[in-house]
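Here the structure is laid out as structure tokens; the discussion comes afterwards.
The values are calculated or read from the model by the stated rules, or taken from the named source; none is laboratory data. Here the structure is a predicted model, which is why all the values come from computation and not from measurement. Every residue, glycine as well, gets a Cβ built from its backbone with ideal geometry; the counts of neighbours run over all protein chains shown. Areas reflect the complete protein model, heavy atoms only, side chains present, ligands, DNA and RNA absent. Shrake-Rupley method; radii C 1.70, N 1.55, O 1.52, S 1.80 Å.
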Amino acid sequence: MTAGKDLTPREIVAELDRYIVGQAAAKRAVAIALRNRWRRFRLSEELRDEVMPKNIVLVGPTGVGKTEIARRLARLAGAPFVKVEASKFTEVGYVGKDVDSMIRDLVEAGVALVREERQKEVQPRADELAEERLLDLLLPGSRDSTREKLRGMLRAGGLDDRTVEVDVQERATPTMQIFGTQGMEEMGLNLQEMLGNLPFGKKSKKRKLSVPEARRLLAQDEAEKLVDKDTVVREALERAQSNGIVFIDEIDKVALPAGQAHGPDVSRGGVQRDLLPIVEGSTVNTKYGPVKTDHVLFIAAGAFHLAKVSDLLPELQGRFPIRVELEALSQADLVRILAEPRNALTRQYSALLGAEGVELVFDASGIEELARVAQDMNTRTQNIGARRLHTVLEKVLEDVSFAAPEHAGKTVRVDAQYVREKLERVLKDEDLSRYIL
């Protein structure tokens, strides 16, 4: 069992820097947390069980990168990851989701992750088996010489325009809906899956597919057969317990501001009390088996505008020993966000319009102006961080996006003048700018 890739904290921060601008303190905190997992697996078994993860609270306004840091960290670690909003949970007895569901979701994510990895490992063999099945469908009972000739044509793409009939397994859609109380999954029951495994729950349907589509479908089917489901579940459970990362967003929404002990949000304290055993370490029953949460890393985040971290239950605060304050984004940060990350918005829009044959070029002055407008709107209205860039860019590129099919082969240069022209009417009208931007 390993704790993902063996990256040093400095390497982890460097990887995060490729996608997230600034927030050095938060990156250092999560890098250390991830590296501590790697260190833990190199301890003796007796001491390993005693080392608990140091959970983290990220405090900062919306749109500064809290969620993205956690999501990228999980990808680096190859760990099961789930993001939940604390505000969707309710105290047991109220209508809503119970907190145990986050662990069940984590296990589902782990199963999907491990299954995908195992299928990639057996893909070459699955492709071979799929090719044999496809040859049987194209020319049943063929002799070796004819079959090899057909194989050569298939690999060269000479048969791509032909169609074949393939048996596709389909699950019958359940004709009844089962209502139950909260946490029914704790009983280990998955009635839909049980019904689907019965003879009347499955049916085979013949479909006419093109050769490339049939080959893809058959390869997927063969890969599923080659992967042992029990092994996948065992590894997924172990990985969820040892490497799982749960990101609890909007944790401040369940904090009771000082002096407020009752009212319409009375269940907030109940949600915190329900969260406490999960974060402290308990066993949650899932349909794949029991899962211990002792070594799951919990990263909580919130803006904490109305409440403070100290308004959380003292016991819950104690389970989040690392607190990091994320900085609000400056105009310079917004410029960097538009230009530097590998998934920068400017690159995304250039690629999207490039699919229509339109070359979109962002001038340095255009990027500066976009960042200036976004920062101005964040100051004048609600500060939503980097998310404001999406709104501004959509408005600036609205006309070219709409007319892109008619302008194939043309080049559109987005400079400061272009940005001002597209936003002039909106920015002049204070009410309109608040509404649109």
Taking the residues in region 10-28 that are assigned to a helix (DSSP H, G or I) and touching a Leu at 6+ places or on another chain (Cβ under 8 Å) as candidates, determine which candidate is nearest to R71 (Cα to Cα).
-> L16
Would you please name the residue that is least open to solvent (accessible area, probe 1.4 Å), looking only at residues in region 134-153 that are within 13 Å of A214 (Cα to Cα) and more than 37 Å from the chain's Cα centre (by Cα)?
-> L135
Of the listed residues (D144, D98, D127), the one being touching a helix residue (DSSP H, G or I) at 6+ places or on another chain (Cβ under 8 Å), modelled with pLDDT under 80 and either on the phi > 0 side of the Ramachandran plot or not small (G, A, S) (or both) is D98
Options I384, I299; residue that is touching a residue at least 12 places away in the same chain (Cβ under 8 Å), in contact with a Phe, Trp or Tyr (Cβ under 6 Å, 6 or more places away or on another chain) and either under 30 Å from D105 (Cα atoms) or crowded, with 16+ Cβ neighbours inside 10 Å (or both) | I299
Within region 387-408, residues being of a type in the set (D, E, K, R), within 18 Å of I20 (Cα to Cα) and open to solvent by less than 60 Å² (accessible area, probe 1.4 Å) number 1
When only residues in region 319-354 that are out of contact with any helix residue (DSSP H, G or I) (no Cβ under 9 Å at 6 or more places or on another chain) and assigned to a loop (DSSP other than H, G, I, E, B) count, which is surrounded by the fewest Cβ atoms within 10 Å (Cβ to Cβ)?
-> R342
Only one residue in K27, K88, K66, K83 is open to solvent by 60 Å² or more (accessible area, probe 1.4 Å), out of contact with any Cys (no Cβ under 6 Å at 6 or more places or on another chain) and either at pLDDT 85 or above or under 30 Å from L338 (Cβ atoms) (or both), so which one is that?
-> K83
For region 9-24, pairs from a residue that is in contact (Cβ under 8 Å) with a residue 24 or more places away in the chain and among the acidic types (D, E) to a residue that is part of a helix (DSSP H, G or I) and surrounded by fewer than 20 Cβ atoms within 10 Å (Cβ to Cβ), with Cβ under 8 Å and 6 or more apart or across chains, are E15/L76
How many residues are over 21 Å from A328 (Cα atoms), β-branched (V, I, T) and crowded, with 16+ Cβ neighbours inside 10 Å when one looks only at region 2-24?
-> 1
When both residues are 6+ apart or on different chains and their Cβ atoms are under 8 Å apart, which pairs have a first residue that lies in region 153-165 and is part of a loop (DSSP other than H, G, I, E, B), and a second that is open to solvent by 70 Å² or more (accessible area, probe 1.4 Å)?
-> L159/M153
State whether one or more residues within region 50-57 are of a type in the set (V, I, T) and surrounded by 18 or more Cβ atoms within 10 Å (Cβ to Cβ).
-> yes
Within region 264-317, work out how many residues are in a helix (DSSP H, G or I) and among the hydrophobic types (A, V, I, L, M, F, W, C).
-> 7
Among all residue pairs at least 6 apart or on different chains, which show Cβ distances below 8 Å where the first residue, located in region 410-437, is open to solvent by 100 Å² or more (accessible area, probe 1.4 Å) and the second is modelled with pLDDT under 85?
-> R425/L432; R434/R380; R434/T381
Restricting attention to region 30-63, which residues are touching a Lys or Arg at 6+ places or on another chain (Cβ under 9 Å), at pLDDT below 85 and part of a helix (DSSP H, G or I)?
-> R48
